[in-house]
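Here the structure comes first, spelled out in structure tokens, and everything after it is commentary.
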Amino acid sequence: MENQIDYQKIEQRAKTRLKIRNAAVYTLLSVWAVLVLFPFYWMVLTSLKSYGSYNAEYIPKFFTLSPTLQNYKDAFTTVSLGRYLANTLLFTLVTTAVMLVVITLAAFAFARLEFRGKNLVFTLFLALMMIPNELVIITNFVTITDLGLRNTFTGLILPSVTSVFYIYLLKENFALIPDELYYAAKVDGTSDLRYLRRVMIPICRPTLITIIILKIIECWNSYVWPRLITDDPDYFLVSNGIQEIRENGFGRENVPAMMAAVVVISLPLIVLFLIFRRKVMEGVARGGTKG
């Protein structure tokens, strides 16, 4: 009887410790979530305030009783935000599509094909990951300028159509597919490209989706290269256009209108991540698994 009572006390203490630990974890996560989400809340809140009410606040308020959408209307009528969004969409879609073809073929060659010096070439290829992008940006600038591609979408897109990291990530996923499938396909007379299209790509779809999403985010947030290679507003992307809006559009003092433009620019990426967040996690987890 005493042993049973002692066992119940131990179990009760264990449950109490578990509850305390869970409460502490959830409290820390809640505080962290507030810290992370507060800048987004402040951005949206400011964009809903009128210019007059915002400037009348000597002490910032965490709410507004008279929200307005005029700032969003001004973002498309006063400045060329729509054109910047269209340019960025074109740049993102074309760059991602071309890069997907390049890295898929490269990863397939390193993972499945046999040729002399493959391991050495792949090792040298991985060594490129150690070189910061800033070291090659001047070379890219000179090359694009010599080709007469400044202030063109071709000049914007060409330096971004490949990625050593994405090739490595996809190659590791392709390597997880059993060799027996490849040999069986070759016995049936299947070509390498058909095997890639019908077998390897469907199996590695989560990783491909992850790469696509990460590349879209990278292109959407690209700043240094577009700023360097374009000085014509007709080719500005949203990352560069937002500076143009600040300097020559709304002005430095019209913070609510600027925040409205930032909300419009940020919204596509937020929606994209919320829709495909499970695919992103699944693809990253698969890319980190070997054997």
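The table that follows gives values for the structure above.
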item: Within the range 66-136, helices (runs of 4 or more DSSP H) holding 3 or more residues that are touching a Lys or Arg at 6+ places or on another chain (Cβ under 9 Å), in contact (Cβ under 8 Å) with a residue 40 or more places away in the chain and more than 30 Å from residue 48 (Cβ to Cβ); result: 81-112
item: Selection count where residues are acidic (Asp, Glu) and part of a loop (DSSP other than H, G, I, E, B), scope the range 226-243; result: 2
item: Check on residue 257, in contact with an Asp or Glu (Cβ under 7 Å, 6 or more places away or on another chain) and either in a helix (DSSP H, G or I) or surrounded by 20 or more Cβ atoms within 10 Å (Cβ to Cβ) (or both); result: yes
item: Some residue of the range 211-229 being charged (D, E, K, R), at pLDDT 85 or above and out of contact with any helix residue (DSSP H, G or I) (no Cβ under 6 Å at 6 or more places or on another chain); result: yes
item: The range 198-253, residues that are among the hydrophobic types (A, V, I, L, M, F, W, C) and over 28 Å from residue 276 (Cβ atoms); result: 228, 229, 245, 250
item: Unmet criterion (only one of (1) assigned by TED's automatic domain parsing to the domain that holds residue 267; (2) surrounded by 14 or more Cβ atoms within 10 Å (Cβ to Cβ)) for residue 54; result: (1)
item: Count of residues meeting criterion [more than 25 Å from residue 254 (Cβ to Cβ) and either of a type in the set (D, E, K, R) or in contact (Cβ under 8 Å) with a residue 60 or more places away in the chain (or both)] in the range 215-229; result: 9
item: Hits in the range 137-183 - residues which are over 30 Å from residue 87 (Cβ atoms) and in a helix (DSSP H, G or I); result: 168, 171, 172, 173, 174, 175, 179, 180, 181, 182, 183
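Here is a yes/no grid of residues against (1) under 30 Å from residue 253 (Cβ atoms); (2) touching a strand residue (DSSP E or B) at 6+ places or on another chain (Cβ under 8 Å); (3) crowded, with 16+ Cβ neighbours inside 10 Å; (4) not assigned by TED's automatic domain parsing to the domain that holds residue 176:
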position	(1), (2), (3), (4)
35	yes, no, no, yes
38	yes, no, no, yes
62	yes, no, no, yes
78	yes, no, no, no
94	no, no, yes, no
108	no, no, yes, no
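The values are calculated or read from the model by the stated rules, or taken from the named source; none is laboratory data. Not measured: the values here are computed from a predicted model. Every residue, glycine as well, gets a Cβ built from its backbone with ideal geometry; the counts of neighbours run over all protein chains shown.
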